[in-house]
Amino acid sequence: MALTMLNELLIEDPNPPMLLYQVSKTAQLDTLNYQSCFMQGVFAHFPEILFIHRTYNPMGKVLYTFLVDGPRVQLEGHLARAVYFAIPAKEDAEGLAQMFQVFKKFNPAWERVCTILVDPHFLPLPTLAMEFPAAEVLLSAFHICKFLQGKFYQLSLGQPVERVLLTSLQSTMCSATAGNLRKLYTLLSSCIPPTQLPELHSHWLLNDRIWLAHRWRSRAESSRYFQGLEVTTRVLSQFFGTTPCVEQGMVSLLRYMHQNSGDKASFSLGLSPQNNHAALDVSPESPKVEQLVEARIQHSLNAICTGPAAQLCLGELAVVQKSVHLIGSGSEKVNIQILEDTHRVQPQPPASCSCYFHQAFHLPCRHILAILSAHHQVLQPDMLPAQWTAGCAASLDNILGSKWSETLDKHLAVALLTEEVGQLLQHCSQEEFERRYSTLRELADSWIGPYEQVQL
């Protein structure tokens, strides 16, 4: 009867989804693969980062939920990011390989998957690596957070210590900088008995590769991200994790999705039932175009550059996202102003800029990245010197040492001091300005001589 209800639910859908299931000899659901047309369209738009969550029901069957993740994904609705549901016959290599192969058969965009986020208990990593050979498999920040929360409760540390750890964990997850993660690691080392500390796998906090996949989010974005996933996983547990009947659990879950998330997500994506694979709206009026362009630039940086180069350039991109203004353009060169600095940019490869960052590191600076963002372009390999391209074995210390010079070091020191003085002069009263300006005037005259006009 549950299978009949499931089929009836599919008939109600104006765009029939993909549903494959296999029934055992005892008339029990053995395997299931489900993906609506809308879910397929979402994955086709955002295939770069795949988030896998597992939900177990009382009978031991497990529901694999595939969700899209990353900076480009801006979807409303608790399950709007879900792009695939699957129940394997068994959680062994054969069962999971079959599940992933069915997913790939119906989703050609699987070849563009760069990162797969999983939970700490996900054991069949070799199968995942075999089916997605080009993807990097990482622990997800959300699952690490849930894992540590569970451990804090299990260890019976006492309410005061437990409260301190939970508060610190929540704060760190919303601002996962290397310093904050190190502080949390130190806190765990001091609060958890040495015999129990290995159970927490606190070394995960020091694995920077895990947190680079999450660190791009602001504090507010991180908070919304964790809250959204918390609601999503609870919905999955409510409908599938508490129901002994697998078929009934899936019917309830899919009906909930139809009633609560389909319309909102479709509106956010700009997809219509008549054209689920329509292109995203890229008109100038679209509020998410800028976010999508910057996300593509970020992805190109991670794909083309070495790790150190990507970190340096992502720092420059962060400035672009906050304070970039095009102040003039020509056929070949564009002037860019960010905050108080104005520089000359040559955007055509090999790209160049007069700023200190580019002169020192020969990497795409905030001004070059601003040009790319304004023109809806991404980083190209010919914009980088050979030593910065992905796969290069040179160390960061060697590269920095080869590009540094005493002249550039002095230039940076002077530029920073000039900027600081300029800020102080702009934000003081008129009386204070006159006094400070007079001091600078006297200092300049004493260095250069009273007979030369020194412009301040």
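Residue separation times 0.36 nm, minus the C-alpha to C-alpha distance between GLU76 and GLN311: what's the value?
Numbers: separation 235, 0.36 × 235 = 84.60 nm, distance 2.95 nm.
So the extension gain works out to 81.6 nm.
The overall shape of segment 52-146, judged from the alpha-carbon gyration tensor, is rounded, with an a/c ratio under 1.5. On a C-alpha basis, how far is the centre of segment 176-255 from the centre of segment 70-122 in Å? Whole number, if you could? Segment 176-255 and segment 70-122 have Cα centres separated by 18 Å. Taking the charge dipole of segment 78-237 about its Cα centre, with +1 at Lys and Arg Cβ atoms and -1 at Asp and Glu Cβ atoms, the residue from PRO194, ALA80, LEU123 reaching farthest to the positive side is ALA80.
Computing FRET efficiency as 1/(1 + (r/R0)^6) for ARG112 and GLN426, where r is the C-beta to C-beta distance and R0 is 41 Å, gives about 0.30.
Taking the Cα centre of segment 152-261 as origin and assigning +1 to Lys and Arg Cβ atoms and -1 to Asp and Glu Cβ atoms, the resulting dipole is close to 360 debye. Site pair THR389 and THR242 shows an inter-label distance of 5.6 nm when each label is modelled 7 Å from Cα along Cα→Cβ.
Over 23 Å between Cα atoms: which of LYS146/LYS183; LYS61/LYS146; LYS90/LYS146 fall into that group? It would help to have the intermediate numbers written out before the result.
Working: LYS146/LYS183 19 Å; LYS61/LYS146 21 Å; LYS90/LYS146 25 Å.
With Cα atoms farther than 23 Å apart: LYS90/LYS146.
Every number here is computed from the coordinates shown, using simple stated rules; none is lab data. In this text the structure is predicted, and so the values were computed from the model without any measurement. In this analysis, Cβ positions are derived from the backbone assuming ideal geometry, glycine residues included, and neighbour counts consider all displayed protein chains.
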